[in-house]
Amino acid sequence: MLKKDLRSHYLALRESISNASLLNSSLSIADSVLKLPLWTFDYFHIFLPITEKKELDTSFILSILQGKDKNIMLPKITAEGFLRHYLLTDATRLKKNKWNIPEPVDGIEVDANKIDVVFLPLLAFDRKGNRVGYGKGFYDRFLTECRNDVKKVGLSLFEAEDTISDINEADIPLDYCVTPSKIYSFSGA
């Protein structure tokens, strides 16, 4: 299926999810994240959800990371369309941007090559680890700035598609994808 068709389909599916189901799915995903072989790493990058688009609630994963005393980076989109990464501290202030994404106002910036694990938002993914986001390319550009061995973990409310038919060279596949009922592991993970 083409990316544009997957975007339309999964945006409509997400819109139909009840708040209770979204909460339960977010909890299940956080519980499964604990089973991933990531816990020897120190620097974790995680997105904050666009609640208006019914993205999964990452606060449960944030709590796990904080409980394990990990360094947590939050993204901020620049005017040029790149992501900058800020260390989450007790002093971090958040403000929603024009897409309703909560972002750090300011803080301690961390270089992308320090990050060990990236939790990625997505709308859909396939059995080879290819992902479909909103189509702006923020995360694909960001991942090119990371080390080659960074662990890329997708978080999805839905199960894998068989294939995404219009993958290109700029698309960077996932190492893992976690859904409410399954952990997918892709080659090279």
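Here, each number is a calculation from the coordinates, and none is a lab measurement. Since the structure is predicted, the reported quantities are computational estimates derived from the model, not experimental observations. Cβ sites come from the backbone with ideal geometry, for glycine too, and all protein chains shown count toward neighbours.
Convex hull volume of the C-alpha atoms in region 78-189, normalised per residue: 123 Å³.
Electrostatic tally near E161: other residues with Cβ closer than 9 Å to its Cβ, Lys and Arg +1, Asp and Glu -1, net -2. Between S165, S59, S32, the Gaussian network model of the chain with springs among Cα atoms under 10 angstrom shows the greatest mean-square fluctuation at S165. One quarter of the convex hull surface built on the alpha carbon atoms of region 32-120 amounts to 6.1 nm², the projected area averaged over directions. Cross-link check: pairs K96/K136; K98/K151; K68/K151; K70/K151 evaluated at a Cα-Cα cut-off of 22 Å; pairs beyond the cut-off: K98/K151.
For the peptides 102-111, 175-184, the ranking by mean Cβ contacts within 10 Å, running from highest to lowest, is 175-184, 102-111. Taken over the Cα atoms of region 3-185, the convex hull encloses 117 Å³ per residue.
If you take all other residues with their beta carbon under 15 Å from the beta carbon of V105, and give Lys and Arg +1 and Asp and Glu -1, the sum is +2.
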